[in-house]
Structure formats: C-alpha cells, structure tokens
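What follows draws every value from the coordinates through simple rules; no lab data is involved. This one's a predicted model, so the numbers in the text were calculated from it and none came from an experiment. Neighbour counts run over all protein chains shown; Cβ positions are idealised from the backbone, glycine included.
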Amino acid sequence: MYFKWPSPEYDEQAAAIARMLDQAKNVFCIAHPFSDGDALGSQLALYHFCKAHQKNCWCLSFDPLPEQISWLEGSDRLVSELPADVDFDLAFLMETTDSRRMGDRVSFFERAKTTVHLDHHVEVIGLGKINLLDDKASSTCEILYNVFEKTGKSLSQACCAALYVGIMTDTGNFRYNNSTPRAHDIVARLIENGLTVDEIYKKVYETTNYNSVIIHGLAMSRTAQHCGGKLVTSWLKLDDFSRIGATEVDADGCIRHLSCIKGIEVAILFKEVEGNKVKISFRSTGKIDVMEISRRMHGGGHRLAAGAQVDGELEPVMQQIITMVSSVLES
Ligand SMILES: [Mn+2]
C-alpha cells in the first residue's frame, strides 16, 4: 500500500516510525545490492542520525561502492555482518522493490524486533512490519527525511550531505520530473542547515577515473542505430572489463550518453556478466514504457529507465532484444 504525501495517513505512519526510531537503541539498515546514491545516502543518513542522537546503527553493505559516492562520511563504517551479541530494536530496509532482489539478505531482518521498509519505486511489496512506501517521492532519502522531521531532532552536516546525495542522484541532479516541490523544499532546508552543494556536485558528477573513461569510449565506439535511428544500442563484453581493468561500476553512465542522441526513442546497453548472463539497461525518451519491456524479462525499474538480467550468450540475446524492441517501436 502506498502513502500519498501530504496526507494525514502519511503523517501518522511517518510519526509512528519516528517514535520507534526515537525509542530504539540498536538499529541496523540494509539496502539493495550495488549501492547507488539513494541506497547509500539513506543508509548513511540513518547512521549519522543515530550517531548524533546516542543510538547505535550498523549499515549492512556487501558490494564495492561507486567512487562518486564512496567519499560520503561513514562509508568506511559499512559492515557485512551484524554483531552476534547485540539485540536489535529496529531494522530499516531502504530502496528495495522486492525480496527477490535481496536474496538471503532479507534473513537479516529476523534479527530485529521491528522492521521498517522505506521505498519510492513503483510496484513495491512492503517487506517490513511497518512500511512507508510512496511512489511519488523523489527518493528514499526524501521519505527518510520526512521521518526524521517527525522526530523533531536536529540533523548533522554529515546526515544532510547523505540525504542530499540520495535526492540529487535519484532526480538526476534535479532534472527529472520526480524533482517535486517537496524534494526541492527538503533540499532548501538542508541548505539552510549549512549544506554546501557545489563540492557535492563536483564529487558526484565531475569526478571519474581513467578506466571508466576508457570503457565508456569503447561502449560509445560500438554505438549502433536501428529502426531508422529510433533505437540505439551498444554492448560490453566481460573481456573488455578485464582487459581494461575496469569494473562494472566504471561503465555506469554509458547509457546516458546513448540516450542523448537526437531523435532516439529507446537506448539499450548490453553487458555480459559472469555465469553466461547478460545485463540489459533500457532508457526511454518518453514515448515507450521500458519498464513494461523489461518486465517481459522479469526485470523492473521505471517507465523511462529500466533493466533486466537474462540467461544466454551476448550476441543471441542482443539479436532477440533488438528484434523485440524494434517491433514495439514499429507498432
Ligand atoms: Mn531511490
């Protein structure tokens, strides 16, 4: 069930979670695998909130962090295990559409007396005992801010920076339509609180590494047009990554360049991954619902940005998907 902001129901739910957080002593949180700005931001915002208000908080994380966000204060405090001798009052699950994406990680939830799930994706299944899900929110960080606000407690600079990174990255630096009045309003309050935004922008959007530039270049050089230019695709093989010494994270953003090409309707990036699988990222410029397409492959996402992972060799998978999307574009 979704909550609509602002509404008395939303207020009540946020206040109930705020009370639990207020009373909790030991808290932990978990987010989807391969952290992005909103997943890490919401975890670290909770960590800093707890730290500032005499609570203990463990942030579970299992994958390497992208460089653009790994500088966030507290990133070095992430853990992959919970201490065995602590009784947890409360656990937060952030940014997670369903238990499938979490695998065994949801089993951590059993360690806590109460569980809270915060998320803003569409078609989320509430996995907590208490859920605050709002698919109109810009980000999970926005929802978390609404909870913090109900506590009436102050937010530290580190907490504000973490919330800002979540809202900033999920709105594409305030370019997407999920840059709601509420998202801007929250950011205004973070800035009033002393947040400096230019340094954060530089770190998130204007910092990269050599391998990332090289892997982007390779993907760009393989750009191909289909359907008279309405569809553009590119691909990366496992071998490209090992040869260049790049990680999957270094390829983040490739799809954005493809989707900037004038006249396109859909951009697709195919990435070969371990275990004879192909990861597919879709972007739409508006007309085509790529979430609907990715769902046919048991993937998910949003109308304009979605992804899926399928079994098979890169080339036949590419052929099959290009044929399928072309028929959608031509229908
Ligand atoms: Mn998010």
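Structure notes:
- Set against the 2.2 N^0.38 Å expectation for a compact globular protein, the stretch 148-293 has a Cα radius of gyration ratio of 1.27.
- Kirkwood Rh and Cα Rg combined as Rg/Rh, the stretch 210-330: 0.94
- Relative contact order [Cα under 8 Å, 6+ residues apart], the chain, whole percent: 13
- Unpaired cysteine residues in the chain (no second Cys Cβ under 4.7 Å): 29, 59, 141, 159, 160, 227, 254, 260.
- Pairs of lysine residues in the stretch 183-331 - Cα separation under 17 Å, sequence separation of 8 or more or cross-chain: 7
- Degrees separating the helix 37-52 axis from the principal Cα axis of the chain, which is the longest one: 10
- Measuring nothing but how far apart in sequence close Cα pairs (under 8 Å, 6+ apart) lie, relative to its length, the stretch 82-136 scores a relative contact order of 36 percent.
- Average projection area in nm² (convex hull over Cα atoms of the chain, one quarter of hull surface): 16.8
- The stretch 251-308 - percent relative contact order, Cα under 8 Å, separation 6 or more: 27
- To the nearest ten degrees, helix 314-330 and the longest principal axis of the Cα atoms of the chain are 90 degrees apart.
- FRET efficiency, residue 185 to residue 220 (Cβ-Cβ, R0 30 Å, nearest 0.05): 0.20
- Each eigenvalue of the Cα gyration tensor of the stretch 56-106, multiplied by 5 and square-rooted, gives one semi-axis; in descending order these are 20, 17, 10 Å.
- Highest to lowest packing among 20-27, 80-87, scored as the average C-beta count within 10 Å: 20-27, 80-87
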